[in-house]
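These notes are about the structure you will find just below.
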Amino acid sequence: QVQLVESGGGLVQAGDSLRLSCAASGRTFISYAMGWFRQAPGKERDLVAKIGTGGRTVYYADSVKGRFTISRDNTKNTVYLQMNSLKQEDTAVYYCAASINFYAARDEYVYWGQGTQVTVSS
């Protein structure tokens, strides 16, 4: 069992930066690939970025490539999402999730956090 708790969301202006954190419980964190998803009102929950167990394999959605950076610290059981040059369209609830497979589809992620709201104003 893995419990995930996100933090770091908030209200910022366009162009600002935020860093989201996702703290995981349990000693098996290193076994899981981790993903950050987001869901805006009325839209589906979409993958933003993901990272492999060792931290070297990463993937970004085109919409955030070059602006967001995903990283993990396996000694702290934590995954991060550094978000720079934020845009209004980045406004959403951001979720972290864990999967045993880096190539997993959204529905194959087995553990989810409760989400943290990110609001970007103009």
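Enumerate the lysines that LYS76 could reach by cross-link, defined here as Cα to Cα under 30 Å, with residues fewer than 8 away along the same chain left out.
Leaving aside lysines fewer than 8 places away in the same chain, those within reach of LYS76 are LYS50, LYS65, LYS87.
Would you mind calculating the gained length between ALA61 and ILE100 on full extension (0.36 nm times residue separation, minus the Cα-Cα distance), in nm to one decimal? The partial results should precede the final answer.
On the way: separation 39, 0.36 × 39 = 14.04 nm, distance 1.99 nm.
Answer, rounded to one decimal: 12.0 nm.
For a quick check: with amide H placed at 1.01 Å from N, whose amide H comes under 5 Å from SER63's, ignoring anything fewer than 5 positions away on the same chain?
none
Provide the gained length on full extension for the span THR75 to GLN39, in nm with one decimal, where the gain is 0.36 nm per separating residue minus the Cα-Cα distance.
Result: 10.1 nm gained on full extension.
Identify which of GLY55, GLY42, GLY66 has the largest mean-square fluctuation in a Gaussian network model of the chain, with springs joining Cα atoms closer than 10 Å.
Among GLY55, GLY42, GLY66, the largest mean-square fluctuation in the Gaussian network model of the chain belongs to GLY42.
What relative contact order, as a whole-number percentage, does segment 41-122 give when Cα pairs under 8 Å and 6 or more residues apart are counted?
Numbers: 103 pairs, mean separation 19.4, N = 82.
So the answer I get is 24 percent.
Specify the residue with the greatest mean-square fluctuation among ALA61, ALA105, ALA24, computed from a Gaussian network of the chain linking alpha-carbon atoms under 10 Å apart.
In this elastic network of the chain, the residue with the biggest mean-square fluctuation among ALA61, ALA105, ALA24 is ALA105.
Can you give the local net charge around SER21? Use residues other than it whose beta-carbon is closer than 10 angstrom to its beta-carbon, Lys and Arg +1, Asp and Glu -1.
Numbers: positive: ARG19, LYS76; negative: GLU6, ASP73.
Residues near SER21 contribute 0 overall.
Quick check on packing: order 26-38, 68-80 by the mean number of other C-beta atoms within 10 Å, highest mean leading.
Details: 26-38: 19.8, 68-80: 17.7.
By packing density, highest mean first, the sequence is 26-38, 68-80.
Determine, for each peptide in 85-96, 3-14, the mean count of other beta carbons within 10 angstrom over its residues, then list the peptides with the highest first. Write down the numbers at each step before the final one.
Working: 85-96: 18.8, 3-14: 15.3.
Put in order of decreasing packing, that is 85-96, 3-14.
Most fluctuating residue of ARG56, ARG67, ARG45 in a GNM of the chain with Cα springs under 10 Å: which is it?
Highest fluctuation of the listed residues: ARG56.
Each value in this text was obtained by applying a stated rule to the coordinates, not by laboratory testing. The shown structure was predicted, so the numbers you read here are calculated from the model rather than taken from an experiment. Methodologically, a virtual Cβ is constructed for each residue, glycine included, from the backbone with ideal geometry; neighbour enumeration extends over all protein chains shown.
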